[in-house]
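Notes to accompany the following structure.
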Amino acid sequence: MPEKIKEVTVYAPATVANVVCGFDILGFALSEPNDKMVVRVSDKKGVTIINKDKYNLPTDPAKNVAGVALLALLDALNGEVAGFEIESTKVIKPGSGIGSSAASAAAVVVAANQLLDNRFTNEELVAFAMCGEEVASGAKHADNIAPCIYGGVTLIRNNDPLDIIPIPAPPMYVTVLHPQIEIKTSEARGILKKKVAMKDAITQWANVAGLIAGLMKGDYALIGRSLTDVIVEPMRSMLIPRFKEVKQESMKAGALGGGISGSGPSVFMLSKDEVTAHKVEAAIKGVYDKVGIDYHIYVTTISDKGVRVV
Ligand code: ADP
């Protein structure tokens, strides 16, 4: 009998959630950046976390999304394994709005599953990882976790019971702007109205349907027309300096459309090809160079791969 593997290394991608009209239900995986996590079976009970980066995230597993996700998985094993050790090297900055917490949670459950001969389904892994997300944002949501594990674009049709639908999509480039400011998730939530006007609801669900149809048909023009959010963006965009101008200049440079990533502060713009995505990058730089706050900007693609085991 070959000896059982005791250690697995994985890379987990950043993700964009709240895709414009698809608030709370649509997300996609990015090719870059990725977090690196090593997970080991351990004789020590529970979850031990070793941080190998500069972010000073909690090492108490109950306060770290990766710890909570893995404790949920450990619980389902009914004592078969005593514990796990996580070595975490984060590249995705916590609080950036591109699914930093989801990447940690997704990474460790996929790695642990590999150590356990892949006995859990992807859907079960999403459910474990969602327990981790609750620590970061106070809510169990899957809109970053699902694309992080499945790759590509995913629709969360329902949270409980989970109903995850991978949506086929044509190749797309993503320009990501990350202003170096902090937006508290609680603030971004607090700003939302509790009620929606019927006419806005109709516009929104027409656009969600249009976006899904556009993605599945590979119809870039339809994708572009449907990337409109009349409910959340008008309120949340106030939290991001020069959001309107960034969007306007991006559209002039040829972007299909885009919006706030997660609850911000990152902003993403989709383009059909790489040349356009770099023109969008230049257009956004033109706006942000005058703002006087630090920012990172880069061009990547929607990735059809989720967490990768190496
Ligand atoms: P993001 O979209 O970047 O994940 P969130 O606000 O959803 O932003 O999550 C970041 C919050 O979660 C931060 O307050 C961070 O301290 C906390 N957190 C706890 N554990 C982790 C982890 N392993 N990775 C990232 N963030 C974590």
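Structural remarks
- Sole residue being among the small types (Gly, Ala, Ser) and either open to solvent by 60 Å² or more (accessible area, probe 1.4 Å) or outside any helix (DSSP H, G or I) (or both), chosen from Ser186, Ser250: Ser186
- Filter pass, Ser237 being of a type outside the set (A, V, I, L, M, F, W, C), farther than 14 Å from Val19 by Cα and open to solvent by less than 30 Å² (accessible area, probe 1.4 Å): no
- Residue among Ala102, Ala72, Ala106 that is more than 9 Å from the ligand (Cβ to nearest atom), crowded, with 18+ Cβ neighbours inside 10 Å and under 12 Å from Pro13 (Cα atoms): Ala106
- Subset of region 1-20 [surrounded by 18 or more Cβ atoms within 10 Å (Cβ to Cβ), away from the ligand (no atom under 16 Å from the Cβ) and within 21 Å of Ala103 (Cβ to Cβ)]: Val8
Rundown of residues vs (1) more than 16 Å from the ligand (Cβ to nearest atom); (2) in contact with a Phe, Trp or Tyr (Cβ under 9 Å, 6 or more places away or on another chain); (3) among the basic types (Lys, Arg), yes/no style:
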residue	(1), (2), (3)
Glu233	yes, yes, no
Ile240	no, no, no
Val246	yes, yes, no
Met251	yes, no, no
Gly258	yes, yes, no
Ser263	no, no, no
Ala277	yes, yes, no
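- Here Ile49 clears all of (1) within 11 Å of the ligand (Cβ to nearest atom); (2) assigned to a strand (DSSP E or B); (3) crowded, with 22+ Cβ neighbours inside 10 Å; (4) of a type outside the set (Asp, Glu) except the condition numbered (3).
- Given (1) near the ligand (Cβ under 8 Å from one of its atoms); (2) of a type in the set (D, E, K, R); (3) not in a loop (DSSP other than H, G, I, E, B), index of the condition Lys63 fails: (3)
- Exactly one residue among Ala146, Ala221, Ala209, Ala213 is crowded, with 22+ Cβ neighbours inside 10 Å and aliphatic (A, V, I, L, M), and that residue is Ala146.
- Unique residue being part of a helix (DSSP H, G or I), farther than 20 Å from Ser42 by Cβ and either of a type in the set (Gly, Ala, Ser) or within 11 Å of the ligand (Cβ to nearest atom) (or both) when the list is Ala127, Ala142, Ala111: Ala127
- Screening region 285-310 for residues that are over 18 Å from Val16 (Cα atoms) and not charged (D, E, K, R) and picking the one that is most open to solvent (accessible area, probe 1.4 Å) gives Val310.
- Positions within region 75-99 being near the ligand (Cβ under 7 Å from one of its atoms) and of a type in the set (S, T, N, Q), in sequence order: Ser88, Ser96
- Hits in region 72-82 - residues which are in a helix (DSSP H, G or I) and either free of Cβ contacts under 8 Å to residues at least 60 places away in the same chain or within 18 Å of Ile92 (Cβ to Cβ) (or both): Leu73, Leu74, Asp75, Ala76
- Top-ranked residue of region 21-41 - restricted to ones that are crowded, with 24+ Cβ neighbours inside 10 Å and among the aliphatic types (A, V, I, L, M), ranked as nearest to the ligand (Cβ to nearest atom): Met37
- Take the conditions (1) assigned to a helix (DSSP H, G or I); (2) touching a residue at least 24 places away in the same chain (Cβ under 8 Å); (3) polar (S, T, N, Q); Ser263 misses just one of them, which is (1).
The values are calculated or read from the model by the stated rules, or taken from the named source; none is laboratory data. Worth saying up front: this structure is predicted, and the values here are computed from it rather than measured. For neighbour counting, all protein chains shown are included, and Cβ atoms are generated from backbone atoms with ideal geometry for every residue, glycine included. With ligands, DNA and RNA removed, areas are computed over all heavy atoms of the protein, side chains included. Shrake-Rupley method; radii C 1.70, N 1.55, O 1.52, S 1.80 Å.
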